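What follows is a set of notes on a single structure, which appears directly below.
The values are calculated or read from the model by the stated rules, or taken from the named source; none is laboratory data. The shown structure was predicted, so the numbers you read here are calculated from the model rather than taken from an experiment. Cβ placement follows ideal geometry from the backbone for every residue including glycine, while neighbour counts extend to all protein chains displayed.
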Amino acid sequence: MTDRELEQRLRAWYVAEVGGIETAPADLRESLAAIPATTPLVRRPLTRRRGLTLLAVAAVLAVGGALAVGSGLVRPKPRVTPAPNVAVVAPSGAPASGTPSPTAAPLRPGASIAFIRTVEKKRACFRGTATCPTSRLWIVGADGRDAHELFPDGVTNQGDLAWSSDGTRLLYSDDGSMYVTDASGSPPQPVGTGCAVPCTGDSQVAFSSDGRSIVFIRDSSGVTMVATMDLATGRVAELTSTSSDATAAPAWSPDGKQIVFFRFGEKDGGGPVPPRLSAVWMVDADGQNLRQVSPMTLAAQYPEWSPDGARILFESGPVTGADQDIYAVRPDGSDVRRLTSDATSTTATWAADGRILFTRGSSGSGSGGSPGWWTMDADGTNAAVLVPVAAIGVAAADLQGTRPTWQPTGGAAIVPPPWTPATGIAVGPPAPTPSPTPTPPLSPGFGWTGSTPSPDGGPVGETATLLADGRVLLAGGCTTAAVLYDPTTGTFTPTGSMTASRGGTTATRLVDGRVLFTGGGDCADANSSGIWASAELYDPTTGTFSLTGSMQTPREQHVATLLKDGRVLITGGVTGASPTTGTAVSLASYRLVETSAIVLKSAELYDPATGTFSRTGSMSSIRDQHSATLLQDGRVLVVGGGGEGYASVSSADLYDPATGRFTKTGSMKTGRWLHTATLLQDGRVLVAGGRSPQDSVYRSAEVYDPATGRFGSAGSMGEGRQQHTATLLADGRVLIAGGYWSDGQHWRVLSSTEMYDPRTGNFSPIGSMGTPRDGATATLLDDGRVLIAGGEDIGNGGGVGVASAVLYQP
Amino acid sequence: MAERVPTRASDTSDRSVAFVRLADEHLDKAYRLARAILREPAEAQDATHDAFVQAWRKWDTLRDASRFEPWFDRILVNTCRNRLRSRRWQATDISAEVALVTGDHSGTSADRDVIGAALAGLSPDHQVVVALRYYRDLTVDEIARRLDIPRGTVQSRLHYALKRLHDRIDAADTKGTVR
């Protein structure tokens with residue numbers, strides 16, 4: 001299946017699933033008119049200068065609160081609404097099924113359990129009935145009586161419950177906003193945490209044991225991370241080291257020095273496509289010392305620290321085919337113990353008396369007993385039912401969703417609300433580049449040589465060009481930053497900035513030593529788009545970039561080849577529609593509509609003497625992400641590439657600079673794109689790897705002989721590779737490094753390398769370069785070594801730039 | 001920190017008329033997007049309604065009514081994403097669907113099952129960008145603006161999601177063909 005076919009199938013799926021729906025259900029439409037009448041407006045937060053006193057904030061809230069009470073907009077005192085069926089804690093008589101379950105001692109008098117109950121609410125929920133299910137915040141007394149909904153007038157979904165350690169406050173979320181109330185249902189106050197762009201939402205809040213701080217999850221710039229707020233000062237700290245696309249459920253250690261949370265594995269590459277497994281992680285409160293606590297194999301979720309700090313509870317996740325049970329682990333990751341074995345026990349929290357409160361379902365394979373809320377001792381013994389499912393008022397299958405939370409008593413008093421957040425500041429190190437699989441040691445011949453960080457922390461250098469003085473210029477990609485690598489010192493240092501970000505650009509060292517960059521996609525930030533027709537030159541003597549003439553056609557994923565006469569041949573690539581009117585056009589850009597992008601068969605020539613581009617002949621086929629190799633006789637061999645319908649092209653063209661024409665030459669045995677083409681010392685061209693028309697990744701290689709105009713077999717690499725590198729060494733061999741591999745069922749980014757020896761015609765493995773990377777650069781240095789830098793690995797959220805670099809000594 | 005304060009009756013009335021008019025205009029499109037992301041009709045209905053409730057509650061943050069659609073889309077997408085997240089994390093095994101596939105995936109119900117299951121195996125964030133890209137046909141930049149995330153993040157999420165879908169669907173196709 002090609003990428004294009006996949007896209008077609010996805011679009012067809014959406015058409016089949018959604019396309020036939022012309023209008024929304026009528027009752028949904030009818031309900032809209034009722035929303036303003038039944039939903040209070042939330043006024044836009046006032047912009048306050050940082051430093052306004054708490055007193056001023058309190059005054060505002062006091063006035064607002066008084067007005068709100070007067071208007072009847074605050075939530076009324078809770079009504080005591082008995083749960084259906086039974087409202088007592090301890091069951092009498094036999095349990096629902098099976099062996100009678102032991103009964104736990106009643107909860108401490110005066111304490112309450114907060115929980116979430118899915119109830120049918122009278123609101124237009126569009127199922128053809130007058131009610132629909134919503135998640136509601138409920139409270140049940142310690143003696144099992146007076147179960148009631150805390151805010152019966154609400155209409156939205158509530159969750160994420162957390163008590164303060166003194167039991168006086170209860171945090172909860174309500175449709176994405178956070179509030180604080182208490183067991184009596186006092187009017188909720190919003191909990192502001194200073195979320196402002198790029199923050200898109202805060203959630204999952206919890207108090208520290210000393211009542212002075214809260215911890216929560218911040219969704220910012222497309223990642224989720226742990227953040228904390230000092231309630232007295234409002235200082236918000238974003239623990240950037242915890243960033244991932246799925247960081248969740250933070251909780252403080254009792255001493256407030258550490259925070260536990262769970263998140264999913266960095267990557268699931270290699271092997272059969274596995275589920276994403278989660279684990280409990282821990283980080284110091286200052287963002288330092290991030291470490292994994294639970295083994296990934298248990299799919300751990302929802303950690304809870306014991307009051308004495310000795311153990312961390314968690315539940316095993318709902319991985320296909322696996323049971324859900326409760327475990328405990330020491331904070332240092334040792335002594336993992338399974339506390340339940342019925343396969344349906346989840347949502348474990350610590351009770352004020354040191355027991356563990358948890359939910360137990362009814363469909364377990366073990367000796368579970370009756371469903372309901374249970375307690376057990378910290379070591380897993382003395383499990384006993386506390387509240388039967390009937391008393392909770394939910395179906396047994398929904399018990400896990402109740403997430404009961406026991407109101408503590410006797411803890412430290414909290415800093416009383418309201419709290420005024422300050423602007424969040426990042427603390428701690430940045431999130432480490434995901435490298436979940438053990439990084440293999442460097443094989444002999446490879447050595448680390450610094451990294452290529454940009455000012456924003458990412459890697460620099462979609463292209464790498466050897467300069468005349470022996471340094472290497474790394475530039476291009478979705479940043480304007482550029483760096484120079486000095487082989488004599490092994491260091492990367494910033495140089496001038498490009499005039500624009502250029503993803504999918506080209507870099508060509510001209511005869512005079514300057515470096516030509518052409519086209520590329522503008523991808524610097526969320527507001528940039530389009531493909532550049534413009535080009536720019538880097539001058540090593542001044543360390544600056546400056547614009548030169550523009551191409552006739554905007555291009556990205558094209559190829560630039562230095563000709564023997566000093567001109568540069570530009571072939572193929574992707575372009576798009578004409579500029580969008582009304583859009584500010586800077587440089588020589590054209591704003592493109594992505595869906596109209598087309599692949600080019602045209603070519604252009606750049607003349608450094610005039611600084612201009614001019615059209616030349618056209619190739620026999622459209623091509624992007626192809627190769628164009630200068631032959632010894634001055635002609636250019638253009639091979640493969642992406643063609644019609646994303647099908648890779650097997651044909652090849654020869655470009656003759658003397659005539660400006662492309663002519664077809666022999667074809668490869670199969671279509672390839674994302675391959676490499678390397679001019680060998682004997683004048684032949686080695687074409688290795690790439691992606692097939694059927695989207696498999698090739699191990700095979702072919703060699704083109706200009707004398708015969710034909711391709712022949714060149715053996716096979718040890719692994720299939722696309723987006724790898726191939727570098728001709730001084731001794732005539734070719735170093736193959738990294739790339740991406742897939743067989744349709746498995747995939748991985750490669751750290752392996754191998755060597756092609758044209759004398760034997762064989763590829764042989766030479767070991768690991770340490771870090772998996774595809775789309776990297778590999779540059780032969782003047783001293784014979786090869787600099788391998790940048791590229792991409794695959795993490796949770798997709799491509800992750802690799803900042804490190806290695807040197808290979810042949 | 002937002003405060004709840006009373007609103008004047010006339011003020012609210014004017015706003016509510018404007019809100020209901022805009023909501024009505026955009027309802028069909030919103031509901032279809034919710035269906036595309038959540039797949040289940042009942043969930044989509046509830047999510048759409050909840051998103052409009054949220055939109056009304058946040059009405060003061062909409063400065064320009066002509067910007068209603070992208071502003072509301074952001075609320076709706078976040079609502080859908082939160083619902084996906086509240087389903088808890090599920091690792092999807094599509095082996096059952098694989099058995100149904102006969103090798104011809106030209107719009108058959110079995111193919112729809114396979115693709116639906118493969119989509120369900122993506123994380124909520126990835127499901128959202130795939131729906132916006134291949135259902136709404138938004139560009140990467142438009143998706144980035146709707147979600148308030150960088151273009152690069154959209155690209156990487158699409159990149160990852162497509163690879164994931166590729167592998168899962170290819171596996172299903174291959175096994176199905178053998179059968």
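Tally time: how many residues in region A:212-233 are surrounded by fewer than 20 Cβ atoms within 10 Å (Cβ to Cβ) and either out of contact with any Lys or Arg (no Cβ under 9 Å at 6 or more places or on another chain) or not in a strand (DSSP E or B) (or both)?
Of the residues in region A:212-233, 4 are surrounded by fewer than 20 Cβ atoms within 10 Å (Cβ to Cβ) and either out of contact with any Lys or Arg (no Cβ under 9 Å at 6 or more places or on another chain) or not in a strand (DSSP E or B) (or both).
Only one residue in B:Ala47, B:Ala23 is in a helix (DSSP H, G or I), within 13 Å of A:Ala33 (Cβ to Cβ) and either under 18 Å from the mean Cα position of the chain (by Cα) or facing another protein chain (nearest Cβ under 8 Å) (or both). Which one?
Values: B:Ala47 fails: within 13 Å of A:Ala33 (Cβ to Cβ).
Only one candidate qualifies: B:Ala23.
Tally time: how many residues in region A:757-790 are touching a Lys or Arg at 6+ places or on another chain (Cβ under 8 Å), buried (at least 22 other Cβ atoms within 10 Å of the Cβ) and in a loop (DSSP other than H, G, I, E, B)?
Of the residues in that region, 2 qualify.
Just wondering, is there one or more residues in region B:53-60 that are facing another protein chain (nearest Cβ under 10 Å), at pLDDT below 55 and outside any helix (DSSP H, G or I)?
Among the residues of region B:53-60, not one is facing another protein chain (nearest Cβ under 10 Å), at pLDDT below 55 and outside any helix (DSSP H, G or I), which makes the answer no.
So for region A:757-772 (the condition being touching a Phe, Trp or Tyr at 6+ places or on another chain (Cβ under 7 Å) and modelled with pLDDT of 95 or more), does at least one residue qualify?
Looking for residues that are touching a Phe, Trp or Tyr at 6+ places or on another chain (Cβ under 7 Å) and modelled with pLDDT of 95 or more, one finds at least one in region A:757-772, hence yes.
I'd like to know if region B:149-162 contains one or more residues that are part of a helix (DSSP H, G or I), buried (at least 21 other Cβ atoms within 10 Å of the Cβ), modelled with pLDDT under 65 and of a type in the set (Gly, Ala, Ser).
Within region B:149-162, one or more residues are part of a helix (DSSP H, G or I), buried (at least 21 other Cβ atoms within 10 Å of the Cβ), modelled with pLDDT under 65 and of a type in the set (Gly, Ala, Ser).
Just to be sure before I move on: is A:Ala482 modelled with pLDDT under 95, closer than 24 Å to A:Ala805 by Cβ and more than 14 Å from chain B (Cβ to nearest Cβ) in the structure I sent?
The answer is yes for A:Ala482.
Given A:Thr488, A:Thr465, which one is more than 24 Å from A:Pro429 (Cβ to Cβ) and at pLDDT below 90?
Going through A:Thr488, A:Thr465 in turn, just one is more than 24 Å from A:Pro429 (Cβ to Cβ) and at pLDDT below 90: A:Thr488.
If we keep just the residues of region B:125-148 that are more than 8 Å from every other protein chain (Cβ to nearest Cβ), assigned to a helix (DSSP H, G or I) and at pLDDT below 80, which is farthest from the chain's Cα centre (by Cα)?
Filtering first and then ranking leaves B:Glu142.
Take B:Asp111 and tell me if it is in contact with a His (Cβ under 7 Å, 6 or more places away or on another chain), at pLDDT below 85 and within 8 Å of chain A (Cβ to nearest Cβ).
yes
Counting just the residues of region A:293-326 that are part of a strand (DSSP E or B) and hydroxyl-bearing (Ser, Thr, Tyr), which one comes out modelled with the lowest pLDDT?
Here the answer is A:Ser316.
Filter region A:700-754 for residues that are among the aliphatic types (A, V, I, L, M) and buried (at least 19 other Cβ atoms within 10 Å of the Cβ) and give the result.
If the condition is that a residue be among the aliphatic types (A, V, I, L, M) and buried (at least 19 other Cβ atoms within 10 Å of the Cβ), then A:Ala701, A:Val703, A:Ala714, A:Met717, A:Ala726, A:Val734, A:Leu735, A:Ile736, A:Ala737, A:Val749, A:Leu750 are the ones that fit.
Keeping to region A:659-712, report how many residues are in a loop (DSSP other than H, G, I, E, B) and of a type in the set (D, E, K, R).
6
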